[in-house]
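Only one structure is covered here, and it is reproduced in the block below.
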């Protein structure tokens, strides 16, 4: 007794058959039995249908050539695409320029807004207002990208002298011509420091 079922065997999709097979076989098909023969015939039919469909698709594809289009039309399309790409690059450069004043690293703003570059181009022109709005919105969402608000160096460029300026110093001859009140005042102002040996 056999444990096999008499049901038909389903053909497998991944089985490769010989394209030159004429269906006659080499005699091995007789050993398969009725179910095997049916499965083999089904696979061959499926393969032939796929081969015919591939031939049809290749024929359709070969019929579609770029010769159908006018060369001037193709050139104009290429020019339009090049202009659009150049305009997008200019818009991103404008984003980076505007971001230089607001962001610690303007390239971050450029990278984050690169996906929205078409929003910054309006009728072949760069929309500066849209760029400013996008930068402001980005700073609200990601405030850690903002440039530091305080100046890096406090003070002016003139460092001046290291020590504070000294008041004009008086000599002994100057003291002889002064009243006692003027001498006390000069001492309070530090004008007698050299005479008194004070640094």
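Rule-based calculations on the coordinates, nothing more; no lab input. The shown structure was predicted, so the numbers you read here are calculated from the model rather than taken from an experiment. Positions of Cβ are backbone-derived with ideal geometry, glycine not excepted, and every protein chain shown enters the neighbour counts.
Where does region 87-145 land on the Kirkwood hydrodynamic radius, alpha-carbon pairs, in angstrom? It would help to have the intermediate numbers written out before the result.
Details: mean 1/r = 0.0902 Å⁻¹.
Mean inverse Cα-Cα distance, inverted, gives 11.1 Å.
Relative to the present Cα-Cα distance, how much length would full extension add between residue 84 and residue 101 at 0.36 nm per residue of separation?
On the way: separation 17, 0.36 × 17 = 6.12 nm, distance 2.69 nm.
Between residue 84 and residue 101, full extension yields 3.4 nm more.
Give me 172, 75, 110 sorted ascending by neighbouring Cβ count inside 10 Å, so fewest comes first. List each step's numbers first, then the result.
Values: 172 7, 75 10, 110 18.
Fewest-to-most Cβ neighbours within 10 Å comes out as 172, 75, 110.
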Two-site label geometry, residue 35 and residue 173: point separation in nm, points 7 Å out along Cα→Cβ: 13.6 nm
Virtual spin-label span in nm between residue 73 and residue 129, 7 Å along Cα→Cβ: 3.8 nm
Order of 178, 43, 196 - criterion: other Cβ atoms within 10 Å of each residue's Cβ, fewest first: 196, 178, 43
